[in-house]
Structures are given as C-alpha cells and as structure tokens.
C-alpha cells in the first residue's frame, strides 16, 4: 500500500474510498459505489468499471494537498505508471443512501 496521510479527510466515506484506492482493494472500492454510478474524467463520461479495474492497479495519490466541498473533493499529487506524475482531483458525490453515485476526476491546476 502506498502510505498516504488520510487524516485530513474529514468525510468518512471519502476516506474509505481513497484508502481503498491506495490499497488497490478493488472489491472495497467497488462496494462504495451505486450500481449506476457515473464517472467524469476531465468532464468527459468514462466507464467507471473500466477505469477502476485499470487505474487501481497503476495509480495512486502521493500527497493530499487540499480538501474542499465539505470533505467531498480531494486534491493532491498523483502518480500513474502510464501517465507519470501530476496534480489531480477526485470529487465524490453521494446518493441519499450514502453510496458514491458520481465521481469526477481529472488534472488539477492550483
């Protein structure tokens, strides 16, 4: 597991998602989403299952630089074995039942 200080994540569901992603735990990650969850990658619709199965193996946050939107948006330095190092964001949206129903990801500029 890529060690990352997640203590700054004030939303427990976001913390669970980031920790599952960092641990490359695809089962735990997928269990946090609704069956019809939407993924937007730099604003473009993308297949969430495809992203999850690929990205979780080769990508991770290397730092969390800031958290916004009542803890739902995470910004930080990111590493991808395919794309290199860059700043990224993960913005989580939740259903009334508390599952992730939309995830926005992309390169961050701050």
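Laboratory data are not the source of any read-out in this text; all were calculated from the coordinates shown. Bear in mind that the values here come from a model prediction, so they are computed numbers and not experimental data. As a convention, Cβ positions derive from the backbone with ideal geometry for all residues, glycine included, and neighbour counts pool all protein chains shown.
Things worth noting here:
- Peptide ranges 76-82, 56-62 listed from the most packed, as the mean C-beta count within 10 angstrom indicates: 56-62, 76-82
- If the segment from residue 96 to residue 63 were pulled out straight at 0.36 nm per residue, it would be longer than the present Cα-Cα gap by 8.9 nm.
- Cα-only radius of gyration and Dmax that characterise the stretch 27-69, units Å: 12.0, 30
- Residues of the stretch 75-109 falling in the label zone of residue 51, defined by backbone nitrogen less than 14 Å from a point 7 Å along Cα to beta-carbon, are 88-94, 100-108.
- A helix-only calculation puts the chain at -7500 deg cm²/dmol for mean residue ellipticity at 222 nm, using -39500 (n - 2.57) for each DSSP H run of at least four residues, averaged over all residues.
- Fraction of antiparallel bridges per DSSP, the stretch 12-107 only, in percent to nearest 5: 85
- Mean silhouette area of the chain, derived from the convex hull of its C-alpha atoms and averaged over all directions, reads 6.3 nm².
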